Structures are given as C-alpha cells and as structure tokens.
Amino acid sequence: MRCASILSLSVLSVAPVSFSYAAELPEFVEISGGTFLMGEDRIYQEETKIHQVTVSSFAISRTEVTNAQFRKFVEETGYVTSVEKPLDPADYPGVPKDLLQPGSMVFAQPAGAVDMGDVRNWWRYIAGANWQHPTGPESSIDGLDDHPVTQVSIEDARAYAKWAGGRLPTEAEWEFAARGGLSRKAYVWGDTYDPAQGWKANSWQGQFPGEDLADDGYHGTAPVGQFTANGYGLYDMAGNVWEHVSDWWVPGHPDKAQKDPSGPPMKLAARFASSATGPMTVVKGGSWLCAPNFCLRYRPAARQPAEGHIGSNHIGFRIVRDME
C-alpha cells in the first residue's frame, strides 16, 4: 500500500499552524453531517464490511487532547487515572503481584530482530508509568505541554470529556471526520503516500520494532498540529497516537446501512474478549508506532481493540460536542 505518488486533494488542504496551549479546552471544528462509506476491504479483515453510514452534525476537537489540557482537568477535579490505582487481586486472580501495582504498558524498543508474533518482545508493563510519567517513573512530560496526553484509559477519556462538556466520538463520527470530505481513499490525504513529497503523519520509519529512523522528525509522540491537516482542518487524524472512541470492539462492521450508529452492544463485544481483559473498545487512527511492515494503520478505516482499565504510551483521545 505504500505507493509512488500522492493524489491531489479534492478538498481544502490545511497547512500546519501554531496553536496557543494557554487554552484550557480544545478548539472545536463544526462538521456538517452527511452520508459516507465506512470501512475498508483492501487491507485488514477487521475493517470490513464497507457499508453506508449517515451521521448527524457534530463538533470535534481540532487536535488530540494535550498534556496541558489534561493537567488542567486533573488540577480542577483531583481526578486519579486508572493506571494510577492498584488493581484488586480479587478481580485478577492468578495475576503476579508486580502486575497489580499502579502502572501501564510502555513500548520497549528491542535491540535487534525479534519474533514478530509475540508483542511481549516490545511491550512492557512498567510500574509507575502514567500520564505524567508516560514511559516510567523516571520520565516526565516537562516541556511536552503541546504533546497529546497518553497513558489514559477509555474511563479517563470519558471523564475528561464529561468535564469539558462533551463526549467521546462514536467510531462512525470519528471516521467521517478523519476522511475530511474524501470518499473511499486509503489515507486522510488521498489514496497513496510518497514520503519523498513530504511527511503526512507521525509514524514509524524503518523496520519495526528494532529500527526507527525518525525521518519524520520524531521518535515518540509529536506536538499536535505538526503535520498537514485534513480537508476539515483536523490535525493528526493519522498517526501520532491512537484515539479512543466510544464503541465496543468486535472484529468487523455490520453489512447494512446505518444512521448515527453507536456500535455493537457490550454483550456482543464480550464474545470477542478474554476473561482477563473483559470487553474492549475501539481505538482509531494509528500511532507513531505504525509501520508499513507491521501496522499499516495510520488510515481512517483502521481500527484496533483497547483494554478498558489500562493505558499505553501510544494511545490518547479527542472529544466531540453535539450541535443543536
């Protein structure tokens, strides 16, 4: 899918701009509702079926929620995130004690080639990892106010959204917004991607997971708004961090037209989850860890499951508001 040229956009392309992070809340963009074809049938099975979806108008934050914005929420409410709380052994029988400590998942780049079938070769549970210390207790977000907040669970994202007077987007709303007015294109900017003509998203360059060339200028998260916006003026709808949406996860879409879908019921999602994790929810958009050789998911149709009570240093979120 990595091709030789970039198609010309048929909608407005918005260049990177400077943002003011003094704002306590995200800036919102109003999106007129419409009908589109959701899903993809050319890449990963869980993105099928392509089906017609109609969404009502809504407003969505122009960027991912930043560290500065999340800090304001915590300061005003005293909120404690999921990964800052110890797990109850009664809820997790048989789990080693060290994995019950407050902490979260952190990417650990291996030194060389590893078995690509075992994600434990590049993910570690690190005690003390949280939104203020995203890669462990010795790390910090000092100087990273304009980076997307990470190490937040969907519970945390929902709590922030409620405080900010909004909610999480549905998967359909998110994908409609990510497409930026384009129909049936693989990426938020068109059908092909040639980095020689400019980097379009914060993703992984090199052979994942052992080699990140950081040719796009970043290893890890980037400040929000560093890459060209889509046709709706939204930034980082591809790459940087995965984003929580409200839908429960099942590995595919219904084969029927829908209007303002809110996703499958939790009971159905439970059929596709282990007893250790429970029903999972959807994350969208890919992250700085996505590479063509392993995770070509910095695309609007891309989707993956996320556990409900844990975070990672490549998942964040943005929020929406209803329009009256």
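The values are calculated or read from the model by the stated rules, or taken from the named source; none is laboratory data. Here the structure is a predicted model, which is why all the values come from computation and not from measurement. Please note: Cβ atoms are built from the backbone with ideal geometry, for glycine as well, and neighbour counts cover all protein chains shown. Heads up: the accessible areas ignore ligands, DNA and RNA and are worked out on the full protein's heavy atoms, side chains in. Shrake-Rupley method; radii C 1.70, N 1.55, O 1.52, S 1.80 Å.
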**OP:** Please work out the Cα center distance from the stretch 262-302 to the stretch 161-186, rounded to the nearest Å.
**Re:** 15 Å
Subject >> For the stretch 299-308, 3J(HN,Hα) per residue [Karplus equation, 6.51 cos²θ - 1.76 cosθ + 1.60, θ = phi - 60°, Hz, x = Gly/Pro] >> reply: 9, x, 7, 4, 7, 8, x, 9, 5, x
Original post:
Out of every Cα-Cα pair in the chain, what percent are more than 24 Å apart?
Top reply: 52 percent
**OP:** Compare VAL114, VAL53 by solvent-accessible area with a 1.4 Å probe and give them largest first, with all protein chains kept in place.
**Re:** VAL114, VAL53
**OP:** Mind running the shape call on the stretch 96-141? Use the C-alpha gyration tensor, a ≥ b ≥ c as the square roots of the eigenvalues: rounded below 1.5 for a/c, prolate if a/b tops b/c, oblate otherwise.
**Re:** oblate
Original post:
Which Rg and Dmax, in Å, describe the Cα atoms of the stretch 58-210?
Top reply: 18.5, 54
Original post:
Which cross-chain or sequence-distant (5 or more) residues have an amide H under 5 Å from the amide H of PHE58, H modelled 1.01 Å from N in plane?
Top reply: ILE31, GLY33
**OP:** With a 1.4 Å probe and every protein chain left in place, tell me how much accessible area SER139 has, in Å² to the nearest 10.
**Re:** 30 Å²
**OP:** Roll a 1.4 Å probe over the protein chains and send me the accessible area per residue for the chain in Å².
**Re:** 43 Å²
Original post:
Carbon-plus-sulfur fraction of the accessible area of the stretch 59-172, 1.4 Å probe, in percent?
Top reply: 52 percent
Subject >> Residue among ILE315, GLN258, ALA172 farthest towards the positive dipole end of the chain, charges placed on Cβ >> reply: GLN258
Original post:
Between PHE28 and residues 5 or more places away or on another chain, which pairs have amide H atoms under 5 Å apart, with H built 1.01 Å from N, and which residues are they?
Top reply: ARG62
Subject >> 19 Å tail of the calculated P(r), the stretch 19-88, as % of Cα pairs >> reply: 62 percent
Subject >> Under the Karplus curve 6.51 cos²θ - 1.76 cosθ + 1.60, θ = phi - 60°, whole-Hz ³J(HN,Hα) for the stretch 153-170, x wherever Gly or Pro sits >> reply: 7, 5, 4, 5, 5, 5, 5, 4, 4, 4, 4, 7, x, x, 7, 7, x, 6
**OP:** Name the long-range amide H neighbours of ASN202: under 5 Å, sequence gap of 5 or more, or other chain; modelled H, no Pro or chain starts.
**Re:** ASN240
**OP:** Using 0.36 nm per residue of separation minus the Cα-Cα distance, give me the extension gain between LYS259 and SER56 in nm, one decimal.
**Re:** 72.3 nm
Original post:
What list of ³J(HN,Hα) values in whole Hz, one per residue of the stretch 66-73 in order, does the Karplus curve 6.51 cos²θ - 1.76 cosθ + 1.60 (θ = phi - 60°) give from phi, with Gly and Pro shown as x?
Top reply: 8, 4, 5, 5, 5, 4, 4, 4
